[in-house]
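Following: one structure in structure tokens, then a few remarks.
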Amino acid sequence: MTTHNRILDGYRVLDCSIAMAGPFAAQRLGDLGADVVKVEPVTGEWQRHAAAGGAKGNAINVSFLSLNRNKRSLAVDLKSAEGKQVLLRLVETADVFLQNYRPGVAERLGVDYATLSAINPRLVYVSMSGYGEDGPHRNLPGQDLLLQAKSGAMLSTGRHGEPPQPAGQYLVDAVTASTAFEAVLAALLYRERTGEGQLVQVNMLDAITTLQMQELSVFTAGGVPQQRGSEPHAHVYIRSPYGTFKTADGFLALAMPDLPTLGRVIGEDTLLAMDSEVHGWTHRDEIFRRTAERLLERTTADWLADLTAAGIWCGPVYDYQQLVDDPQIRHNGTFVEYDHPTEGRVKTPGFPYKFSKTPATVDRGAPLVGEHTSEVLGEAGFSADEIAALLDTGAVAETRLPDPVR
């Protein structure tokens, strides 16, 4: 289906992951041209049955649809001897194997790194986990909200004494996916130079911790503790005012303005004699509160016009519809649209990178369970009779696309 060269054309990825972080990482590889085979149970991957926001779709819910484009589906029972042999045969010609099983599961299934690298020494084997492959917390649930809480990030925002507010995104899953994606590219580059595959380990706790490079360094190297104030400041390590503020008709975001300049624009005389880099820290709550009171007096559009004219960093607070309609988003082509055989016209976020010679594209939408089982096995050398026998025993499964409406 590909009509042009892409960076990862010719590479095959066996994606044995579930939920968000692993599938999202594999999707990024597929967007760059890798042949990603989603190896899932014959009943379908977990995410097929867990619809975020209740968006169930027709045959594929939106959660699964959003994380599994540019993949083919092979439905196989890895707990059966025949199913396991199917996977081991595919490993012989694979470039990347990606899994996010609970610690110990890969070994029990016989698809651990030691086993698979003995079959294919060039294999880049990616193991993703919540907290690490070993250690005291290895068996804790690797869930996004729990890891946001454990990371310390929540206590960098909001009011002292009030419950911390988590991010409005599946932040830990997303950054872990990006971490795994870049790790795969680095390991493939190493293999191009040496011919050697290797084990790559990525865990969610380290991913969200290292994302806070600057904040944690302020604490560990600078010795500055996290101290939330009585106002809902947006970050403990940035001077006031910094955060979102209510206006007469909505909200706006305001970031680190020069205090005398801000005072002149909003009519707050107490700010005129303040030093931004001194009082912005020592009077953080007072400055935030006085700014909030003044901004209630006029509309968002009025304030944005005056603040921008004064050179103050500010901006609107969008909802998703406003984001989709934003002229810069449209100019960038941030969203992509394509036709899906069961879900119709689909519009989703596209690609976070642009390449002049090897652009990413959507070649296929998320597959039905086992939609490509016969296709993938045939390419791997299984005969028609072997495939039919595997289907008969239930070691693999297949779902065919519905006939097109005439």
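In summary, the helical segments of the chain meeting the span-like criteria, namely a full DSSP H run, a Cα extent along the axis of 24 angstrom or more and a mean Kyte-Doolittle hydropathy of at least -1.0, are 171-194. Averaging the sequence gap over all C-alpha pairs within less than 8 Å and six or more residues apart, then dividing by the number of residues, gives the chain a relative contact order of 20 percent. Amide hydrogen proximity for ALA397: with H placed 1.01 Å from N in the peptide plane, the residues at 5 or more positions away or on another chain lying under 5 Å are ALA75, VAL76.
Close amide-amide hydrogen proximity is noted between LYS38 and ASP15, ARG72, SER73, LEU74, each under 5 Å apart and 5 or more residues distant or on a separate chain (H modeled in the peptide plane; Pro and chain starts excluded).
Rolling a 1.4 Å probe across the protein heavy atoms gives the stretch 251-389 an accessible surface of 55 Å² per residue. Using a probe radius of 1.4 angstrom, the carbon and sulfur fraction of the accessible surface of the stretch 1-136 is 53%. Fully extending the segment from ALA118 to HIS160 would add 9.7 nm, taking 0.36 nm per residue of separation and subtracting the current Cα-Cα distance.
Do the sum for the chain: with -39,500 (n - 2.57) for every DSSP H run of n ≥ 4, divided by all residues, what is the mean residue ellipticity at 222 nm, to the nearest 500 deg cm²/dmol?
-10500 deg cm²/dmol
Note on TYR237 and PHE355: with the Förster distance fixed at 35 Å, the Cβ-Cβ geometry gives a FRET efficiency of about 0.50. Can you compute the FRET efficiency between GLU196 and ALA310 using 1/(1 + (r/R0)^6), with r the Cβ-Cβ distance and R0 = 60 Å? Round to the nearest 0.05. For GLU196 and ALA310, the calculated efficiency is 0.55. Just the Cα atoms of the stretch 1-66, one point each, no solvent: what log10 I(q)/I(0) does Debye give at q = 0.16, 0.19 Å⁻¹? Once normalised to I(0) and log-transformed, intensities are -0.59, -0.77. Label positions at ALA255 and LYS79, each projected 7 Å from the Cα along the C-beta direction, are separated by 5.0 nm.
Label-to-label distance for ALA52 and LYS347 is 1.9 nm, based on points extended 7 Å past Cα in the beta-carbon direction.
In vacuum, with every alpha carbon of the stretch 45-123 counted as one equal point scatterer, what does the Debye formula give for log10 I(q)/I(0) at q = 0.12, 0.27 Å⁻¹? Two decimals, please. The calculated log intensity ratios at q = 0.12, 0.27 Å⁻¹ are -0.45, -1.27. Taking amide hydrogens as placed 1.01 Å from N in the peptide plane, the amide H of ALA360 sits under 5 Å from those of PHE355, each at least 5 positions away in sequence or on another chain. Nonpolar atom fraction for the stretch 271-396, defined as the carbon and sulfur part of the 1.4 Å probe accessible area, stands at 53 percent.
Once the Cβ-Cβ distance between GLN169 and LEU140 is put in as r, and R0 is 30 Å, what FRET efficiency do you end up with, to the nearest 0.05?
Values: r = 22 Å, r/R0 = 0.72.
Plugging the Cβ-Cβ distance into 1/(1 + (r/R0)^6) gives 0.90.
The values are calculated or read from the model by the stated rules, or taken from the named source; none is laboratory data. All of these numbers come straight from a predicted model, not from anything done at the bench. Backbone-built Cβ (ideal geometry, glycine too); neighbour counts: all protein chains shown. The area values use the complete protein model at the heavy-atom level, side chains included, leaving out ligands, DNA and RNA. Shrake-Rupley method; radii C 1.70, N 1.55, O 1.52, S 1.80 Å.
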